[in-house]
């Protein structure tokens with residue numbers, strides 16, 4: 001395990017592990033954390049995994065680690081790595097099995113006070129409209145052709161089916177559709193799994209949450225996003241379901257022999273990779289983008305279903321029950337971007353795993369209404385705690401390949417959480433805080449207890465202190481569905 | 001049935017965000033069987049008594065670790081698509097092919113999801129004639 005003395009302190013919020021620490025390292029590791037958060041991360045393998053990630057061939061600069069880091073498999077959660085194009089590598093394990101797991105935020109003109117009597121009905125309707133839990137299938141059973149269209153079109157497919165608006169697409173990372181998706185690079189097995197799971201939330205840490213916009217920190221930005229203090233908002237957290245899991249499984253297995261063929265040495269077999277410009281790298285990219293588009297369509301369908309639930313329950317009870325799109329962000333993805341590295345504009349493949357793109361003001365790719373304020377960044381807290389809307393900054397462009405944190409980050413294993421937290425008591429506690437809960441099971445609820453996570457407020461203070469994000473608004477949960 | 005005794009078994013080990021099991025056996029095929037039982041245990045599945053069904057699968061690989069991940073990934077797929085779990089496993093390793101006869105029953109309920117079997121720090125070790133490894137699952 002790595003010790004604190006191995007780090008060079010850069011500021012109260014930034015630390016560095018020099019590339020000289022291990023022979024395998026081809027770049028340094030830059031950690032955004034307070035001393036307290038850094039010390040708490042020395043207990044698991046997060047930073048060892050970051051050091052392993054620094055061995056990926058073709059890294060253009062340091063591996064970046066966010067304060068919500070925690071141990072994953074191969075690459076740590078909260079990690080960002082940029083490999084030089086065209087010959088740096090792409091690593092499926094550095095993106096993860098849930099390709100384009102992400103968060104969508106919808107906001108409303110519905111005040112909490114007028115909606116409060118109907119919250120239980122709302123959460124029941126959401127639960128009915130948005131299938132969640134282990135093995136749940138959606139109402140779509142796509143043909144092979146339809147699935148290929150979803151793979152190529154992403155959220156735009158949902159638009160053609162009347163389940164999205166142009167504004168929804170415009171206010172999504174990549175406008176809800178990655179170019180270059182190639183369904184021909186997706187296995188028949190992944191397609192089989194994908195056909196019946198579109199429009200489902202899944203299980204684990206995926207959730208739907210109704211929040212109140214508790215506090216606005218930047219009135220101009222909040223106005224641009226339509227966030228008004230005291231009004232309701234909805235977060236949707238999910239990804240590409242079994243479709244993405246199977247694609248990653250297939251390619252991590254295939255790449256076990258690919259690294260041998262290319263003579264690539266990596267410290268952990270989960271980090272297997274291939275040059276981006278190799279036929280193997282291009283095949284994975286085509287498949288990964290197909291999964292990304294599946295996930296964009298998935299969150300779009302869930303948003304559509306959520307809107308129907310709000311309309312059904314609140315029609316005639318509030319003036320306007322519509323949920324407008326604030327933004328849709330991606331947590332697990334590799335993307336081609338250009339960043340300034342050591343004063344040079346470099347085209348890189350940015351791997352983000354449990355990290356959010358956070359483009360600063362003026363960056364191409366942002367919708368017109370957000371160009372001056374920077375990209376909205378959605379940072380969900382743990383169940384029962386605050387969530388945050390941040391904004392990308394010029395410093396995030398300079399320091400972290402236009403990236404910032406993605407959530408609170410776990411500190412306690414699921415088995416320990418189940419031992420230490422009683423699901424029934426947790427449910428009572430959340431309800432006593434005025435939070436309506438629907439969960440697949442009480443032990444499952446206990447696994448996701450707030451005490452199993454870091455304090456999201458500390459995570460947010462850290463990224464804002466480091467300048468790689470700035471506060472726009474804080475949300476308070478009032479109803480949650482756990483998958 | 002997959003027996004758990006002193007010479008073979010599995011136990012869950014701590015992992016901050018995902019799930020992991022340590023598995024051991026005095027035989028390589030026993031290690032694979034225990035890994036399957038451990039993975040099913042993580043998902044908290046309940047199976048029916050009858051009717052029993054059998055199936056043959058073939059996994060390609062080039063070392064014990066690629067066989068193990070390929071084998072467990074296949075069982076995950078069969079669980080999702082066929083809703084079946086297998087408790088009697090006969091395995092034959094032959095160069096780059098693992099052939100397995102699987103016997104089991106339908107799954108009645110499953111409480112937890114395993115998304116994938118990972119290669120993270122995966123190494124099958126032989127210690128004093130016994131095989132052991134730790135497998136991390138994405139959940």
With only helices counted (DSSP H, runs n ≥ 4, each -39500 (n - 2.57)), the per-residue ellipticity at 222 nm for the protein assembly as shown, to the nearest 500, works out to -9500 deg cm²/dmol
How far is helix A:456-466 tilted, in degrees, relative to the longest principal axis of the Cα atoms in chain A, given as a value from 0 to 90 rounded to the nearest 10?
50
Mean-square fluctuation check for chain B, GNM, Cα pairs under 10 Å: which of B:36, B:49, B:100 is largest?
B:49
Have a look at B:16, B:66, B:118 and tell me which one the Gaussian network model of chain B (Cα, springs below 10 Å) gives the largest fluctuation.
B:16
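Just counting partner chain Cβ atoms within 10 Å, what average do the residues of peptide B:114-127 show around their Cβ?
The mean count of partner-chain Cβ atoms within 10 Å per residue comes to 6.
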Along each principal axis, Cα extent of chain A, largest first, Å
65, 51, 47
Rounded to 0.05, the calculated FRET efficiency for the beta carbons of residue B:106 and residue A:433 at R₀ = 45 Å is 0.65
Points 7 angstrom from Cα along the Cβ direction at residue A:385 and residue A:319: gap in nanometres?
3.6
Percent antiparallel among DSSP beta bridges (both partners in the range A:1-155, rounded to 5)
80
Please label the shape of the range B:9-138 as rounded, prolate or oblate, based on the square roots a ≥ b ≥ c of the eigenvalues of the alpha-carbon gyration tensor (a/c under 1.5 means rounded; beyond that, a/b larger than b/c means prolate, else oblate).
oblate
Gap separating the Cα centres of the range A:1-40 and the range A:361-438, nearest whole Å
24
What ranking of A:393, A:34 emerges when the number of other C-beta atoms within 10 Å of each C-beta is taken as an exposure proxy, fewest first?
A:34, A:393
Euclidean distance between Cα centres, the range A:96-116 to the range A:291-352, Å:
10
Any chance you could run the full-extension gain for residue A:371 through residue A:457? It's 0.36 nm times the residue separation minus the Cα-Cα distance, nm to one decimal.
28.3 nm
Taking every DSSP beta bridge that has both residues in the range A:247-377, what percent is antiparallel when rounded to the nearest 5?
100
Using alpha carbons only, how many degrees (0 to 90, rounded to 10) separate the axis of helix A:279-314 from the longest principal axis of chain A?
20
For the residue pair residue A:338 and residue B:63, what label-to-label distance in nm results when each label sits 7 Å from Cα along the Cα-to-beta-carbon direction?
4.2
Give me the percent of DSSP beta bridges within chain A that run antiparallel, rounded to the nearest 5.
90
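Which whole-number percentage describes the relative contact order of the range A:94-221, with Cα contacts under 8 Å and a sequence gap of 6 or more? Write down the numbers at each step before the final one.
Working: 86 pairs, mean separation 43.8, N = 128.
It comes to 34 percent, rounded to a whole number.
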Angle, helix A:241-262 long axis vs. longest principal axis of chain A, Cα atoms, 0 to 90°, nearest 10?
0
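Only the coordinates and a few stated rules stand behind these numbers; no lab work does. Because the structure is predicted, anything quoted here is derived from the model rather than measured. For neighbour counting, all protein chains shown are included, and Cβ atoms are generated from backbone atoms with ideal geometry for every residue, glycine included.
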